[in-house]
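Notes to accompany the following structure.
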């Protein structure tokens, strides 16, 4: 049974948001929804909206900013549909999906299909947040509003990526079975970078377990302690850690160290949220 996306929308404090979601679903209906990669991204989009709403509430953002955050969540991956149709791949080395999203919404003018005239002043913020959600590192010197929404969409995107990695088919994500993944090893680069608590650079990944570890390492690029509370309460990270069960004894030792570090890092950051008031 297909999800009823409209009935499960979070209570975004702006009546326009339901119409925004309807417009997005009309757009998506023009693609092959039987393609598991397309279906994955459609589900991802609405889960990111949920995560944007969660973070907006945790950060105590005013209603208008909550709406803008959720709209960014709805539109952040709109370029993925064209990317998948043309290349049948999520590989941003071919063409960055954030670039496709920005081109579709702004130079091509489709942002007008979503953003009411009273919110036009938000266009530069929305454009920048979508552009920067897909980069390895946010550039320095961004205006405060842009920085807030760029950080928020990056966290929300990662939160749902944890759900995807915990629940979706390994074949859909990495074109490999879990049994075959277990026969492959982490590179020294991937292991060493993770142990230093740094995100992995995609271009330097050497193996499919490196790719899997890079998803766990999203932890090190999260911006808000509330994100770690979501991770802990969802239970998805434990499932992600269990899905790679290496056969090689040395890889088993490495993966155990990675798992222990992951759990302690999440707990440390949850305590930050619990001990201090939420704020952007």
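Tell me, please, whether a residue that is under 15 Å from the mean Cα position of the chain (by Cα), more than 18 Å from residue 256 (Cβ to Cβ) and assigned to a helix (DSSP H, G or I) can be found in the stretch 179-190.
The answer is no; no qualifying residue exists.
Every residue in the stretch 15-24 that is modelled with pLDDT of 95 or more and either surrounded by fewer than 21 Cβ atoms within 10 Å (Cβ to Cβ) or closer than 24 Å to residue 175 by Cα (or both), please.
Of everything in the stretch 15-24, those that are modelled with pLDDT of 95 or more and either surrounded by fewer than 21 Cβ atoms within 10 Å (Cβ to Cβ) or closer than 24 Å to residue 175 by Cα (or both) turn out to be 18, 19, 22, 23.
Just a yes or no: is a residue in the stretch 178-198 closer than 19 Å to residue 239 by Cα, assigned by TED's automatic domain parsing to the domain that holds residue 256, in contact with a helix residue (DSSP H, G or I) (Cβ under 6 Å, 6 or more places away or on another chain) and surrounded by fewer than 17 Cβ atoms within 10 Å (Cβ to Cβ)?
yes
Among 53, 46, which is closer than 19 Å to residue 122 by Cα and at pLDDT 95 or above?
53
The values are calculated or read from the model by the stated rules, or taken from the named source; none is laboratory data. On a predicted model such as this, the values are computed, not experimentally measured, just so you know. Because the Cβ atoms are built from the backbone with ideal geometry, glycine has one as well, and the counts that use them run over all protein chains shown.
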